[in-house]
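Here the structure is laid out as structure tokens; the discussion comes afterwards.
The values are calculated or read from the model by the stated rules, or taken from the named source; none is laboratory data. If you're wondering where the values come from, they're calculated on a predicted model, not measured in any experiment. Counting neighbours? That spans all protein chains shown, and the Cβs are built from the backbone with ideal geometry, glycine included.
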Amino acid sequence: MKTIIVSNRLPVKISNTEDGMTFTPSEGGLATGLGSIYRTGNNMWLGWPGIEVPDEQQSNNITDKLAEINLHPVFLTQEEINLYYEGFSNETLWPIFHYHPTYAKYEQSYWDSYVSVNKKFRDAIFKIAEPGDRIWIHDYQLLLLPGLVRELQPDITIGFFLHIPFPSYEIFRLIPWRAEILENLLGADLVGFHTFDDLRHFTSSVARLLPAQTLANEITYKDRLTVAETFPMGIDNNKFEMLTKNPEVAENIEALHNIFADNKMILSIDRLDYSKGILQRLQAFELLIESHPELIGKVVLYMIVVPSRDTVAQYKELRDEIDKLVGNINARYRTLEWTPVNYYYRAFPVEMLSALYHTADVCLITPMRDGMNLVSKEYVASRTNNSGVLILSEMAGAAKELIDALIVNPNNIGEVYRAMIDALNMPLEEQQRRMAAMRDVVSKFNIHHWVKIYMSKLSEVKEIQSSMQAKHISTEGRQFIEATYNQASKRVIFLDYDGTLVGFKANPLQAFPDEDLMDILDQLSSDPANRIVIVSGRKYETLEDWFGGMNIDIFAEHGAWQKLRGEEWQRLPGLHNSWKQDVEQVLDLFVDRTPGSFTEEKSYSLAWHYRKVEEGLGELRANELMNTLRFTTEDKGLQMLPGNKVVEIKNIEVNKGKVAAKYLDLVESDFVMALGDDHTDEDMFKAMPAEALTIKIGSNISAAKYYLRDYREVRRLLRTLTMRGSLA
Ligand code: GDG
């Protein structure tokens, strides 16, 4: 078994030198963290090496050389780089995921290329993957890859991690290919995000755009479970701590101290991007000098912008605007010996970066939106004497962990300016208290920890999936049920109605039994060895209309009413109704406030239905309703039952479990089977004797022994039993 890491770019730089091509491993955070994986055994990292498709000989040469360091190239043509990478990845997904929808382009040619390059990655995976391998896919350029791989290898283990933020449903839905994207992402077993906000945006988009079942962070789609989870990415903190002791870094530190001896340094480092808030940061710095002229000659902004995507129009414009603003500030305030903004549009070696982290009194990081932001963590890790102040945007994922930073809203120029004042004036003791707390976080949740917990969760998800699979009624399970059924002569079959025998309808009255169902029930109940018992939450009048003429037992309203075969309807003794008026008033209030919801009155219960209410709002109101009624129900001896798009309030004595158990005391049986889909059926499963066959419909999380996917599978099973039963 091996692990294959897949990302758009390989962690390597290939450059042409006089001696031919040279390969420099690029030790970014991800490469360091995953180093422990891809460099061991026959594990691999697969991705684009960053150059256009070379000729065959060159490509073989590159492939061989990369193989020596466990890397495996996927070559891209110039057209693919334009359409898949610069196009769909950076001009569609990037702006949408970073809340700049006006920058997004929805070009069919971009999408087509995105699909075909994702397929190219899939083909590359299958050239090296074997059954039992684990694939870990990274980031927004490869959102379709989990689904494409799953299609060809249904059992393979696939992890996915998104490094950028996931947008809210309102923004995500703008993408014309939104459903295809989610559907393919759900090919993964585990989808990881940096923050809980990303996770909840993702699950809410899935719930709204796909016919998937979501239960907290567990998503079931097309009978497969995908778990979504947060794993805030860390850095190699030891590396940054050690770097401060490196002689080259020490030289740089000394040089910086000499140059900026009389100044406090505010440091800013980003890649050129409109999501980074660079212009707003400059405005805040300008405001600082404008309103505090005494700081002239005393404070500098050291600003590194690393070149990126500057062939794209918006990036070129942004660069021009930064040039202009920096030029203006410097032109207005510079003196003979002092320049307020020390601006560099280029990358620096990590030894210089480390020296800057070590020297800067303040690190100013104010992105408009950022998945995590590793620079903030690198600054913290480099502050080995615990001094220094981090100003951090609340929009960066890192703000969720680095809560001892000065947290700001990057759009609020005044707030950023005030944070700079606070940072420059912060007493050393407070700096040290805050920095020490942040260093603890950065050191505990480092990159190795991140890889470890991700991988262990991935294995855990695989285990959960396989334990669930055991529960689905396979061919073998079906044969076992049939055999037990055939051997028995006193059979009891408890059947819930909605969601078990018929599908779910927006209007409950439309869910009446069709001919096929009536025929199945008729055949089952005509076998003298059988007692068929319908146990439903529905009103007895409705069940009487539908099944009154059949040779079956019926429990209505969860058992408040019962009709045994050949007898009349009877109500459960001792029930009272005096509570209804008070509760009804509350329910009416919720109906008035929630379009699409309605109240149903039964003899001994009241139900508030929200199956036609906007997704999400119904669940919110249901929680609110239960909180509102909590004390009333406790006082009056009532029970609140949250069901499938319904909250039911009823007498505590009424319970499917109690009635089923009582029934079994009265009726002799050598075969008991119970089927149900709802919360209320769980009571019934729990009340069954140990040897009973309990079957949950539509979900595998249940006290039942088995599950079936939907009412169609239920009917198929019952139909088979009618045939076997009559043969026996
Ligand atoms: C994605 C997400 C998320 C920067 N300038 C220089 C330089 N850097 C290094 C830093 C840091 C990295 O680049 C940038 O960190 P980011 O966190 O911004 O990461 P990205 O890869 O751009 O972005 C982001 C991240 O993925 C991880 O999941 O945090 O939100 O957008 O390590 O040190 N390195 C060198 N010279 C420079 O001038 N050598």
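The residues of the stretch 328-348 that are charged (D, E, K, R) and more than 14 Å from the ligand (Cβ to nearest atom), listed by number, are Arg332, Arg334, Glu337. Close Cβ contacts (under 8 Å, 6 or more residues apart or on different chains) running from residues in the stretch 480-496 that are assigned to a strand (DSSP E or B) to residues that are among the basic types (Lys, Arg) comprise Arg491/Arg531; Val492/Arg531; Ile493/Arg531.
Look at the stretch 202-231: where a residue is of a type in the set (Lys, Arg) and a partner is in a loop (DSSP other than H, G, I, E, B), sitting 6+ places away or on another chain with Cβ atoms under 6 Å, you get Arg208/Glu615. The set of residues in the stretch 1-34 being within 16 Å of the ligand (Cβ to nearest atom) and either over 31 Å from the mean Cα position of the chain (by Cα) or modelled with pLDDT under 80 (or both) consists of Lys13, Ser15, Thr24, Pro25, Ser26, Glu27, Gly28, Gly29, Leu30, Ala31, Thr32, Gly33. Right, Val613: assigned to a helix (DSSP H, G or I) and either touching a residue at least 60 places away in the same chain (Cβ under 8 Å) or surrounded by 13 or more Cβ atoms within 10 Å (Cβ to Cβ) (or both) or not? Spelling it out, it is not the case that Val613 is assigned to a helix (DSSP H, G or I) and either touching a residue at least 60 places away in the same chain (Cβ under 8 Å) or surrounded by 13 or more Cβ atoms within 10 Å (Cβ to Cβ) (or both). State yes or no: is Ile51 touching a residue at least 60 places away in the same chain (Cβ under 8 Å) and either in contact with a strand residue (DSSP E or B) (Cβ under 7 Å, 6 or more places away or on another chain) or away from the ligand (no atom under 16 Å from the Cβ) (or both)? Answer is no for this residue.
Among residues of the stretch 327-351 being in contact (Cβ under 8 Å) with a residue 60 or more places away in the chain and under 37 Å from the mean Cα position of the chain (by Cα), the one that is farthest from Leu243 (Cα to Cα) is Tyr345.
When the criteria are applied in full, Glu351 meets the requirement of being surrounded by fewer than 22 Cβ atoms within 10 Å (Cβ to Cβ) and within 12 Å of the ligand (Cβ to nearest atom).
Of the strands (runs of 3 or more DSSP E) entirely within the stretch 625-728, those holding at least 1 residues that are surrounded by fewer than 17 Cβ atoms within 10 Å (Cβ to Cβ) occupy 638-643. Residue count for the stretch 535-577 satisfying the condition of being of a type in the set (S, T, N, Q) and either crowded, with 20+ Cβ neighbours inside 10 Å or under 24 Å from Ala687 (Cα atoms) (or both): 3. Screening Asn385, Asn409 for residues that are within 18 Å of Asp440 (Cβ to Cβ), without any contact (Cβ under 8 Å) to a residue 60 or more places away in the chain and either out of contact with any Gly (no Cβ under 7 Å at 6 or more places or on another chain) or more than 9 Å from the ligand (Cβ to nearest atom) (or both) leaves exactly one candidate, Asn385. Would a scan of the stretch 502-519 turn up a residue that is farther than 27 Å from Gly637 by Cβ, at pLDDT 95 or above and touching an Asp or Glu at 6+ places or on another chain (Cβ under 8 Å)? Yes, because at least one residue in the stretch 502-519 is farther than 27 Å from Gly637 by Cβ, at pLDDT 95 or above and touching an Asp or Glu at 6+ places or on another chain (Cβ under 8 Å). Scanning the stretch 472-485 for residues that are surrounded by 15 or more Cβ atoms within 10 Å (Cβ to Cβ) and farther than 15 Å from Ala674 by Cβ yields Gly477, Arg478, Glu482.
Of all residues in the stretch 125-143, those satisfying the criterion of being of a type in the set (A, V, I, L, M) and either under 12 Å from Ser7 (Cα atoms) or within 16 Å of the ligand (Cβ to nearest atom) (or both) are Ile125, Ile135, Ile137, Leu142, Leu143. Annotation: of all residues in the stretch 182-204 being over 18 Å from Pro154 (Cα atoms) and away from the ligand (no atom under 16 Å from the Cβ), the one that is surrounded by the most Cβ atoms within 10 Å (Cβ to Cβ) is Thr203.
Residues in the stretch 262-318 that are within 16 Å of the ligand (Cβ to nearest atom), among the basic types (Lys, Arg) and at pLDDT below 95: Arg271, Arg309.
If only residues of the stretch 222-235 that are more than 16 Å from the ligand (Cβ to nearest atom) and buried (at least 18 other Cβ atoms within 10 Å of the Cβ) are counted, the one that is nearest to Gln465 (Cα to Cα) is Leu225. Going by the conditions given, is Pro176 away from the ligand (no atom under 16 Å from the Cβ), at pLDDT below 95 and not small (Gly, Ala, Ser)? When the stated conditions are applied, Pro176 does not pass them. Kindly indicate whether any position in the stretch 499-508 is among the aliphatic types (A, V, I, L, M), surrounded by 21 or more Cβ atoms within 10 Å (Cβ to Cβ) and more than 15 Å from Ala607 (Cβ to Cβ). Checked the stretch 499-508: at least one residue is among the aliphatic types (A, V, I, L, M), surrounded by 21 or more Cβ atoms within 10 Å (Cβ to Cβ) and more than 15 Å from Ala607 (Cβ to Cβ). In the stretch 394-410 there is at least one residue that is of a type in the set (Val, Ile, Thr) and buried (at least 24 other Cβ atoms within 10 Å of the Cβ).
Any chance the stretch 311-327 includes a residue that's in contact with a Ser or Thr (Cβ under 7 Å, 6 or more places away or on another chain) and over 20 Å from Tyr103 (Cβ atoms)? Within the stretch 311-327, not a single residue is in contact with a Ser or Thr (Cβ under 7 Å, 6 or more places away or on another chain) and over 20 Å from Tyr103 (Cβ atoms).
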